[in-house]
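Beneath this line is the structure, given in structure tokens, with notes to follow.
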Amino acid sequence: MIAVAVLNPRVEQKLFERGVAKQVSRSNANLLNDDALRVAIAGSSAPVPTKKRAKACVVVFAGSKFYVVDVGPESVKNLLLWQIPMSRVGGVLLTHFHSDHIGDLGELNLQTWAGGRPKPLDVYGGPGVEQVVDGFNQAYRQDQGYRTAHHTEKIVPAATWPMVAHPVVLDGPETPERSRTGLVLEDGPLRISALEVNHPPLITGAQRADVLVSEAIARPMVEVLEKSLASAGNDRAAAIMHDVQDYHISPTEAAKIANAAGVKLLVFYHLMPAPDAFLTRRLFAHGVNDVRKGNWAIAEDGSLYTLPLGSSEVQIGRVRY
């Protein structure tokens with residue numbers, strides 16, 4: 001009887017309608033409440049593909065807006081699945097211009113525009129950000145024209161579509177220590193600053209931070225990948241695995257920096273390789289407990305870190321969807 005009922009077209013239609021109504025009524029607008037500062041990981045992997053993780057993307061919810069720090073491929077899909085009110089984007093902050101940090105920039109612009117963003121999307125970054133933003137604007141310009149013509153100016157106005165580049169100016173002349181800082185933006189009580197990323201200024205910039213989100217590479221695991229690729233005859237990929245080891249930070253190195261800075265919670269993301277199983281997580285974090293004088297966590301897509309107002313607590317959870 002149950003099987004017969006489900007195969008009835010009218011029953012199927014009702015079930016579908018009920019499911020759609022439930023889905024579209026969901027919202028994570030509470031993440032934008034003013035009762036806390038929140039950090040969510042929308043992309044936790046490095047460029048090596050993994051089924052469970054998008055590429056680098058950190059989302060900060062503050063002052064009724066959300067700010068996207070890097071926007072790697074597949075990360076916007078997570079924002080949409082999370083039912084984030086896309087119109088409330090405050091801006092995009094690009095740490096650098098590797099493809100795994102900018103690949104979804106055009107998609108983020110499209111989705112926040114279609115979601116009702118009231119003005120052009122502000123994109124902040126270092127020297128060259130104008131070229132990146134202009135390139136995406138050019139690539140998507142015809143798409144904008146199609147959509148405005150089809151859905152009308154009232155729904156997707158051309159005036160709010162573009163992205164606007166804002167080069168971040170660092171204070172003073174460049175030094176060998178690369179220790180400069182610079183103001184990115186101020187929005188009410190929210191203040192966002194940039195700093196160059198050699199290790200000493202990272203310690204300075206992270207002083208007494210509640211949460212430090214750091215990339216991490218497990219070099220012994222990457223060395224295994226390098227040797228295996230070379231043995232399989234894939235010399236090109238093996239060479240890339242070799243090269244990435246000298247410009248990323250290991251979990252234990254990040255732990256030492258967090259200790260020196262007095263960081264409350266250290267979060268690893270941009271994980272290379274992605275530790276998606278029990279054994280690989282143990283291998284990835286090998287030695288961290290021997291070094292770290294505080295809490296630490298390996299992020300996944302959807303990891304959520306909440307700092308309630310008036311509290312020194314850092315809550316670790318997940319975005320619900």
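Tabulated values for the structure
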quantity	calculated
Extreme residue, farthest from the chain's Cα centre (by Cα), among residues of the range 298-311 that are buried (at least 18 other Cβ atoms within 10 Å of the Cβ) and over 16 Å from residue 54 (Cβ atoms)	307
Residue within the range 274-287 that is at positive phi and crowded, with 19+ Cβ neighbours inside 10 Å present	no
Segments classed as strands (runs of 3 or more DSSP E), wholly inside the range 147-251, with at least 2 members that are exposed (fewer than 14 other Cβ atoms within 10 Å of the Cβ), within 23 Å of the chain's Cα centre (by Cα) and not polar (S, T, N, Q)	181-187
Cross-chain or 6+ apart pairs with Cβ under 8 Å, the range 139-154 first and touching a residue at least 40 places away in the same chain (Cβ under 8 Å), then of a type outside the set (Gly, Ala, Ser) and assigned to a helix (DSSP H, G or I)	none
Residue tally, condition touching a residue at least 40 places away in the same chain (Cβ under 8 Å) and assigned to a helix (DSSP H, G or I), over the range 254-293	9
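Taken together, the values in this text are just the output of simple stated rules run on the coordinates, not laboratory data. Everything numeric here is computed off the predicted structure, so don't read it as measured data. No Cβ is skipped: glycine too gets one built from the backbone with ideal geometry, and neighbour counts run over all protein chains shown.
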